[in-house]
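**Student:** This structure is in structure tokens; I'll ask about it shortly.
The values are calculated or read from the model by the stated rules, or taken from the named source; none is laboratory data. Computed from a predicted structure; not experimentally measured. Reconstructed Cβ throughout: ideal geometry from the backbone, glycine too, with neighbour counts over all protein chains shown. What goes into the accessible areas is simple: the full protein's heavy atoms, side chains included, and nothing from ligands, DNA or RNA. Shrake-Rupley method; radii C 1.70, N 1.55, O 1.52, S 1.80 Å.
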Amino acid sequence: METRILIVGGAGYIGSHVNKYLNDHGYKTVILDDLSYGHEASVQWGDFVQGDMADGQLLDKIFTKYKIIAVFHLSAFIAVGESVQKPGMYYSNNVAKTVSLLEAMVRNKVDNFVFSSTCAIMGDPEYLPIDEKHPRNPINPYGWSKFMVEQILKDFKKAHNLNSVVLRYFNASGADPSATIGEKHHPETHLIPLVLDAAIGRRESISVFGTDYDTPDGTCVRDYIHVNDLAQAHLLSLEWMLKNQACNDFNLGNGTGFSVKELIEVVKSVTNKDVTVVESGRRDGDAGTLIGASNKAHEVLGWKPKFDSLEVIIKTAWDWHQDMSFKSS
Ligand SMILES: NC(=O)c1ccc[n+]([C@@H]2O[C@H](COP(=O)([O-])OP(=O)(O)OC[C@H]3O[C@@H](n4cnc5c(N)ncnc54)[C@H](O)[C@@H]3O)[C@@H](O)[C@H]2O)c1
């Protein structure tokens, strides 16, 4: 039986790019996604199974049918504001259901796990750039849900010798240069697709929340990392884990911050379109500046982001965004 990687959440934005990247690099995949937010049309590689990550019987079937060497977990609810309104929904899906998935792995003796975490577990930064040693201080249930799973993974290593690599993304962005898959969330809460929507005329304007932060132009500063560079980190993490049979954690960003206003200017220049900006007050829970230190991933994994210019990242997003229909590869 050939080996496979199980990508849970592989019909989503980042999961579909990880799936394409693995298949482009000679790995075979199985995708499990309940399509609560993902798109079946974005699963253009590997075998697709529709279902819930907490469905133990379904997981037992998958682990029996395929020789799974690792599980990549990208199946979470991701809207920070909603997590504040509906914490139970977030702890149930992001924490409790992840535990069920881990139990199914232990039961079926699958012992390699890559987990999509987030810089949101660090809360308001105490220093910049944010490295792996930064104190954890989540400020919303979404961030807490990821932090809890990080702890659970430590406990599963001790109790069951389950290896895991935790990858903390900064702002995932861009699309595969083939423009066959891209970012399509419902509702969309991420800045780049929202600004592109404003550029293309799908929305009237873009709201800028807060112009009085302690940043050069007063708007929030973020670190944008291309989704294919995140996919590369997943593959390197798998190889590291198979070789070392251990656990590790890495922050994944480009190490450069761009303000909301700077980003809007780059969108205008890449798309050659104007964007109407509406300035509003700060939103609760938005830190002023989030920039990641990824030296550890460079040194330990040999991770080298290929998309280090915001222009190029936005160009790939724009190439997908103008049409946003799933085309066959
Ligand atoms: N997008 C970002 O900038 C960002 C930043 C940091 C971390 N992350 C993490 O990366 C991961 C992927 O994010 P995304 O932007 O691709 O989100 P997404 O919503 O596009 O993808 C998540 C996928 O998981 C599926 N899913 C959710 N609950 C499920 C369940 N119980 N069983 C099976 N499938 C389920 C959804 O249908 C969806 O296809 C998430 O864990 C998110 O927390 C994302």
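**Student:** Residue by residue through the stretch 197-218, note down the ones that are open to solvent by less than 30 Å² (accessible area, probe 1.4 Å) and within 30 Å of Leu128 (Cα to Cα).
**Tutor:** Within the stretch 197-218, Ile206, Val208, Gly210, Tyr213, Thr215, Gly218 meet the criteria.
**Student:** Which of the residues belonging to the stretch 18-45 are over 16 Å from Gln232 (Cα atoms) and either near the ligand (Cβ under 9 Å from one of its atoms) or surrounded by 24 or more Cβ atoms within 10 Å (Cβ to Cβ) (or both)?
**Tutor:** Ile31, Leu32, Asp33, Asp34, Leu35, Ser36, Tyr37, Gly38, His39, Ser42, Val43 - these are the residues of the stretch 18-45 that are over 16 Å from Gln232 (Cα atoms) and either near the ligand (Cβ under 9 Å from one of its atoms) or surrounded by 24 or more Cβ atoms within 10 Å (Cβ to Cβ) (or both).
**Student:** Please report, ordered by residue number, the strands (runs of 3 or more DSSP E) entirely within the stretch 219-296 with at least 3 residues that are buried (at least 20 other Cβ atoms within 10 Å of the Cβ).
**Tutor:** The strands (runs of 3 or more DSSP E) meeting that bar are 224-226, 248-252.
**Student:** Continuing with the same structure: Determine whether Met89 is under 24 Å from Gln57 (Cα atoms), out of contact with any His (no Cβ under 9 Å at 6 or more places or on another chain), in a helix (DSSP H, G or I) and open to solvent by 50 Å² or more (accessible area, probe 1.4 Å).
**Tutor:** Yes, satisfied.
**Student:** Same structure, new question: Considering the stretch 64-90 alone, what residues qualify as being touching a helix residue (DSSP H, G or I) at 6+ places or on another chain (Cβ under 6 Å), within 14 Å of the ligand (Cβ to nearest atom) and more than 13 Å from Phe113 (Cβ to Cβ)?
**Tutor:** The answer is Ala76, Phe77, Val80, Ser83, Tyr90.
**Student:** Can you find a residue that is part of a loop (DSSP other than H, G, I, E, B), within 11 Å of the ligand (Cβ to nearest atom) and either of a type in the set (Val, Ile, Thr) or buried (at least 21 other Cβ atoms within 10 Å of the Cβ) (or both) anywhere in the stretch 184-193?
**Tutor:** yes
**Student:** Then there's this: Which one of the conditions (1) assigned to a helix (DSSP H, G or I); (2) more than 30 Å from Lys65 (Cβ to Cβ); (3) aromatic (Phe, Trp, Tyr) does Tyr127 fail to meet, given that it meets all the rest?
**Tutor:** With respect to (1) assigned to a helix (DSSP H, G or I); (2) more than 30 Å from Lys65 (Cβ to Cβ); (3) aromatic (Phe, Trp, Tyr), Tyr127 is out only on (1).
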